[in-house]
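Comments concern the structure below.
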Amino acid sequence: MRRLLDRIARPLALQRGTDDGAEALVNAEWLVTNGLGGYASGTVAAVNTRRYHGLLVAALPNPVGRLVMLNHLTERVCVAGAEPSALGGEERVAGRLDAEVARRLAAFRLEAGLPVWEYEWSGIRIEKRVFMPHKQNTVYVRYCLTNGDGPVRLELHPSLHFRPYESPVNVRISTRYSLSQSAGLYIFDAGDPQLPPLRMRIEGASASFVHEERVTSEFLYPVEEARGYEFRGTLWAPGHFDIELSPDTPVTLVASAESEQVMAAVPPGDALAYEEERRRRLLDSAIATHPETADEAAAELVLAADQFIFTPAGRIVDTTRAAATGDEIRSVIAGYHWFTDWGRDTMISLEGLTLVTGRHREAGFILRTFEHYVRDGLIPNMFPDGSNEGLYHTADATLWFFHALHRYVEFTDDRRTLVRALPTLQGIVEHHLKGTKFGIRVDPADGLLVQGAEGYQLTWMDAKVDGWVVTPRRGKAVEINALWYNALRLLATWLGEERKNDGFTSRVADEAERVRESFNKRFWSDELGYLFDVIDGEQGDARHCRPNQIFAISLDHPVLDRTRWEAVLDVVEKHLLTPVGLRSLAPDDPDFKSRYYGDLRARDAAYHQGTVWAWLIGPWVDAWLKVHPGDAAGARRFLDGCIAALDDFGLGTIGEIFDAVEPYTPRGCIAQAWSVAEVLRCWVKTAGAPRAPRAVEPALEDEEVGASR
């Protein structure tokens, strides 16, 4: 297996010494996460272009949340007494990279998902690596002189601004930052008692610190400018580390928000070895569950999937409650850089992130975590960063919970978690039948699910800006009712399996049949040849051709009559299918937007009005294989564009969205959970190899016995 891990390398093609090559390095982004929601991320050029970039963005206990701490690290090298040369972007020339500096980068690659730079000039070669230990707010930046005799002197200039990661870059530094030093440990304090200090040390060589404190006058963030946000900010630069590099002797900058004891517990060389071993075990677990993940593309997606599964340690009350019952709290970061954990994204992603990868125990943690959060028959739409309370404005996340639980039980046969959840599931259906928040209720006239409340966006098409809900879709939305039918069928089956049939079980089955009859009578349009997107809406029945209709086929219990599957599939293929997912609106619609760009209002106007979503390739493949059950090879070809996207934008992962027309430029988040999850799930599904026998992990089985008591 170690050989497979060693083979997972993604090199970036370089155009050395050209302006185009320099621009490509500024546009290519990398990401390393720590399993807590914290991360390190930036551009290959070492130029910060986003407010979210930083070598250490720590995930701290609420109410602080994610905090940018080590924003930037300017690196300069002196060879044989010559003037210092920059390795990458410098904070005083922010937002761009000089072609001469770009020429020094000889190679960049991801090794097992971790970024590696190789710089070469004047007869020397320096390798740089960035990695984070799991479950720590610590980052390691390691340098090694791999060619050349020296003397080579390395200068590291840290720049800091302690600010919440969502805060604009022009937030004023209002406290007095300070630096103290003790026995090789450098402590940078923000002057705010709520915030931990940032501790740094140099490992592997003696280092001195040259004090030259200043506040940069203008640090530019060009992506923020293009997105219509504040893009000029200041950083505190206290001075620089002076280090001598010796051949083949790694030197590591360690920066941490942890205590001194935690920070010193693991030497950098061991920390890298431990992280590589952790990643090897992730691949072991995935391959033991699905041998199809042994190819390099699938293995890379398994490592990308790991970025999103996290322990929300900031929610201390929930963590304590889970521990008291012998459980653990887990959730899913919907996307980097700016998303937190979202209920909908978590449930859609659960199979690809955890079940396909052999992380069944964590899948159980996630489901039981969200079961605990159910309020008024709803699971949270999302948790704002730094908050202990979720927001519940969603009509579909709760219905996706049924789908995720079904897939989990199918994979693991963990009946204990199912039985424990049944009262909650029954309560969810009861709340929907009688009506719950945000106008979510069953229409007694036809049994279909209605949703909608003024000022809220309750479906996955949830763009809202300045009070404008772009696609409100109030009424009876097509995928909401497909999900409602699927949930009713699943619950009726579970109730029948786990206890005697009673009045409620019969009612659930009757409601499901009523939904099926009404759905096929009301949603199908002979005139259009496809399904209405919304019926009984604010302006009648919505004729927009959208991908939401595909769920009427793709779910485990498809609500659409079999005779109409081909017609829907043909329309979606003709108008919505692209190499990187499905368009959110057909190009011939008057509201269609071909590109997602500009300020927030312009972007949100396009978000679900044509923009391509990679995650929708998953239900498309499911529907395709239902209509063409023997065409796994044909279905696999639909994934080619998404696999190719591993080379762009967020390197080694798959972004959130793409423009609706060629060249399908990637946009939005550089790494999105459901994009990675659905591509990985379908990659395995279309491999053609038999699935490994399902089994509950011993640790899960033992834990559940204890929990059931």
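Descriptive notes on the structure:
- Alpha carbon convex hull of the range 425-516, volume per residue in cubic angstrom: 90
- P(r) for the range 33-273, from all Cα pairs and a bin width of 10 Å, is 7, 33, 39, 18, 2, 0 %, short bins first.
- Cα-only Debye scattering, the range 559-661: base-10 log of I(q)/I(0) at q = 0.10, 0.11, 0.12, 0.18 Å⁻¹: -0.31, -0.37, -0.44, -0.90
- Each residue of the range 25-38 is assigned a 3J(HN,Hα), and the resulting list reads 5, 6, 7, 7, 10, 10, 8, 10, 10, 10, x, 10, x, x Hz, derived from the Karplus form 6.51 cos²θ - 1.76 cosθ + 1.60 (θ = phi - 60°), x at Gly and Pro.
- Taking θ as phi - 60° and the Karplus parameters 6.51, -1.76 and 1.60, the scalar couplings of the range 197-207 work out to x, 9, 9, 9, 8, 10, 10, x, 6, 6, 9 Hz in sequence order, x denoting glycine and proline.
- Translational diffusion coefficient of the range 290-690 (Stokes-Einstein, Kirkwood radius from Cα pairs, 10 °C, 1.306 mPa s): 75 µm²/s.
- Distance cut-off 27 Å, percentage of C-alpha pairs in the range 26-159 lying past it: 20
- Ranking of T394, T138 by neighbouring Cβ atoms within 10 Å, starting from the fewest: T138, T394.
- For the range 161-242, the fraction of C-alpha pairs farther apart than 14 angstrom is 68 percent.
- In terms of other Cβ atoms within 10 Å, S285, S246 run from fewest to most in the order S246, S285.
- Largest-first ellipsoid semi-axes for the chain, taking √(5λ) over the Cα gyration tensor eigenvalues, angstrom: 46, 27, 24
- Straight-line cross-link reach from K593 at under 29 Å between alpha-carbon atoms covers these lysines, not counting any fewer than eight positions away in the same chain: K464, K476, K574.
- Normalised alpha carbon radius of gyration of the range 3-46 [divisor 2.2 N^0.38 Å]: 1.47
- Along its three principal directions, the equivalent ellipsoid of the range 342-489 from the Cα gyration tensor extends over semi-axes of 25, 18, 14 Å, largest first.
- Packing around the peptides 168-175, 355-362, taken as the average count of other Cβ atoms within 10 Å per residue, puts them in this order, highest first: 355-362, 168-175.
Each value in this text was obtained by applying a stated rule to the coordinates, not by laboratory testing. Quick caveat: nothing in here was measured; it's all calculated off a predicted structure. Glycine also receives a Cβ, built like all others from the backbone with ideal geometry; neighbour counts cover every protein chain displayed.
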